[in-house]
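What follows is a short report on a single structure.
The values are calculated or read from the model by the stated rules, or taken from the named source; none is laboratory data. Just so you know, these numbers come straight off a predicted model, no measurement behind them. Glycine gets a Cβ as well: all are built from the backbone with ideal geometry, and neighbour counts include every protein chain shown. Accessible surface areas use protein heavy atoms only, side chains included; no ligands, DNA or RNA. Shrake-Rupley method; radii C 1.70, N 1.55, O 1.52, S 1.80 Å.
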Amino acid sequence: MDTFVVQGGNPLVGTIRVSGAKNSALPCMAAAILTEEPITLENIPQVRDISTERRLLQSMGAEVEIGSGETAHSTTISCRTLSDPVAKYEIVKTMRASSLVLGPLIARTGMARVAMPGGCAIGGRPIDLHIKGLEKMGATITQEHGYIEARADRLRGAHFVFDKITVTGTEDLLMAAVLADGETVMENCAREPEVVDLASLLVTMGANIEGAGTATIRVSGVSKLRGARYRINPDRIEAGTFLIAGAITGGDLIVSHCNTSHLGAVIAKLLEAGARVEVLGPDTVRVRSNGRLAAADISTEEYPGFPTDMQAQYMALATQAEGTSLVRENIFENRFMHVQELVRMGAGIKVDGKTATVLGPARLSAAAVMCSDLRASASLVLAALVAEGETIIDRVYHMDRGYEQIDEKLRSVGAKIQRLGNLFPPRPSA
Ligand code: EPZ
């Protein structure tokens, strides 16, 4: 398991490039199941979750080509034959988003066997709302031996309202609806840019979709979809993470190849915290800070509110802000795994239910810390960039799931960060 060694104290200066959005690429790759023709996706990030999804699709019989050289960030997926429409537990247990194949598999083949995703560090991650919507569309669903088995001769259009806003639930059912018989109306949908990315790909494939990006999506089912070539949007969470890196280190950082229209809540919060943020164009934003920041509260909400995927990163910033910041996590039930690690570095944080109270500024000192989930890992790297001394961050494979070459990108703008092999050999069993 790789480890990062980070020497704190360097302001980040220069230009850092954002990769394609992991959370757009995952549903768009699953959409290839919906057609016999090849789908080529560009601006795909080279991260572990994408490799996992490639393995998942190949295990079902898809042909997956990975670009090389100039086209290394593209992938072509052909699901001409799906010899084994089963999402096996060995793969699903490493990536919950595998549930995204459920809708497209039933829509294309009339059946699906998908391992129940199980929980993860940040919460139980149920998919009851995916199942409820598919049943409304006529699927028969049974659950046994840890697998969901779904069958439907042909899904039929339905009208339903999501009990809760769910990003992959909206995406899964959108992919089911595009080949269903008749009209589907889905209300209380997720409005995330990743949903819009998926809908744009599906329309390019010949789907009839209206309202993606709003709370109500209407779909008129078609009998077949064609192949397509589509470029994935930039990753708004990676971009936000870099903006916080520039602010927390008192640097002058230009974040390029992003989509600034997706960064509204994060930019507003950084301005409130006293960072100087300038949108230089539709794909470029500059952040400057003298390192002195003001406390500002956040409450995570569905898009376009402050993203839950930016909560851990913001908390690292709040440890350096003058005053008390309240960080409220409304989306997941256990998304404060980074708190104890930040406290070990000297942060002053108290958690009470959904709210963490952060007292700042705290002088952070280097420590040996451990990643627990993707965004908590980012929080630890941000804290290490300002901590006194050399921080050792273990289990960075969590970070590699969703950040492409994060150590190389940060080093290119002045961070002292090195990736080492396994510094902590597995403890001998007691
Ligand atoms: C997506 O997860 C993202 N993952 C997550 O990003 C992100 O944190 C989350 O949306 C919220 O924005 C991908 O897109 C691959 P939800 P998802 O369904 O779809 C509850 C990252 O760091 N819920 O919107 O799984 C659920 O428990 C990852 O990149 C149900 O109760 O999240 C949660 O409390 C982490 N029943 C809330 O809804 C369901 O059937 C929102 O979850 C589905 C969800």
Six or more apart or on different chains, Cβ atoms under 8 Å: show the pairs whose first residue is in the stretch 193-208 and farther than 18 Å from Asp181 by Cβ and whose second is in a helix (DSSP H, G or I) and open to solvent by 40 Å² or more (accessible area, probe 1.4 Å). Glu194/Asn23; Glu194/Val167; Val195/Val167
Taking the stretch 109-133 on its own, how many of its residues are under 22 Å from Asn23 (Cβ atoms) and more than 11 Å from the ligand (Cβ to nearest atom)? 5
Sole miss for Leu26 among (1) surrounded by fewer than 19 Cβ atoms within 10 Å (Cβ to Cβ); (2) under 30 Å from Val413 (Cβ atoms); (3) in contact with a Leu (Cβ under 7 Å, 6 or more places away or on another chain) is condition (1)
It is to be established whether one or more residues within the stretch 356-363 are among the small types (Gly, Ala, Ser) and either more than 23 Å from Glu272 (Cα to Cα) or free of Cβ contacts under 8 Å to residues at least 40 places away in the same chain (or both). no
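Can you spot a residue in the stretch 347-361 that is within 16 Å of the ligand (Cβ to nearest atom), outside any helix (DSSP H, G or I) and open to solvent by 40 Å² or more (accessible area, probe 1.4 Å)?
Yes, the stretch 347-361 contains a residue that is within 16 Å of the ligand (Cβ to nearest atom), outside any helix (DSSP H, G or I) and open to solvent by 40 Å² or more (accessible area, probe 1.4 Å).
Tell me which residues, restricted to the stretch 2-50, are part of a loop (DSSP other than H, G, I, E, B) and farther than 30 Å from Ala107 by Cα.
Asp2, Gly8, Gly9, Asn10, Pro11, Leu12, Val18, Ser19
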Spot the failing condition for Val327; the list is (1) touching a helix residue (DSSP H, G or I) at 6+ places or on another chain (Cβ under 9 Å); (2) farther than 18 Å from Ala273 by Cα; (3) outside any helix (DSSP H, G or I); (4) within 16 Å of the ligand (Cβ to nearest atom), and only one is missed. (2)
If you check Gln320, Gln311, which single one turns out to be at pLDDT 95 or above and within 16 Å of the ligand (Cβ to nearest atom)? Gln311
Go through the stretch 134-145 and give me each residue that's part of a loop (DSSP other than H, G, I, E, B) and either more than 16 Å from the ligand (Cβ to nearest atom) or surrounded by fewer than 15 Cβ atoms within 10 Å (Cβ to Cβ) (or both). Gly138, His145
Note: among Val369, Val396, just one is free of Cβ contacts under 8 Å to residues at least 40 places away in the same chain and open to solvent by less than 50 Å² (accessible area, probe 1.4 Å), namely Val369
Filter the stretch 283-308 for residues that are of a type in the set (Ser, Thr, Tyr) and within 16 Å of the ligand (Cβ to nearest atom); which is least open to solvent (accessible area, probe 1.4 Å)? Thr300
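Let's see how each residue does on (1) of a type outside the set (A, V, I, L, M, F, W, C); (2) in the same structural domain as Arg154 (by TED's automatic domain parsing); (3) at pLDDT 95 or above; (4) out of contact with any Pro (no Cβ under 7 Å at 6 or more places or on another chain):
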residue: Val64; (1), (2), (3), (4): no, yes, yes, yes
residue: Ser74; (1), (2), (3), (4): yes, yes, yes, yes
residue: Ser83; (1), (2), (3), (4): yes, yes, no, yes
residue: Val86; (1), (2), (3), (4): no, yes, no, yes
residue: Gly103; (1), (2), (3), (4): yes, yes, yes, yes
residue: Ala107; (1), (2), (3), (4): no, yes, yes, yes
residue: Met116; (1), (2), (3), (4): no, yes, no, yes
If you scan the stretch 146-178, which residues turn out to be in a helix (DSSP H, G or I) and either within 14 Å of the ligand (Cβ to nearest atom) or open to solvent by 20 Å² or more (accessible area, probe 1.4 Å) (or both)? Val167, Thr168, Gly169, Thr170, Glu171, Asp172, Leu173, Leu174, Met175, Ala176
Restricting the stretch 30-50 to residues that are of a type outside the set (Asp, Glu) and touching a strand residue (DSSP E or B) at 6+ places or on another chain (Cβ under 6 Å), the residue that is surrounded by the fewest Cβ atoms within 10 Å (Cβ to Cβ): Pro38
Flag for Leu41 being at pLDDT 95 or above and closer than 24 Å to Ala199 by Cα: yes
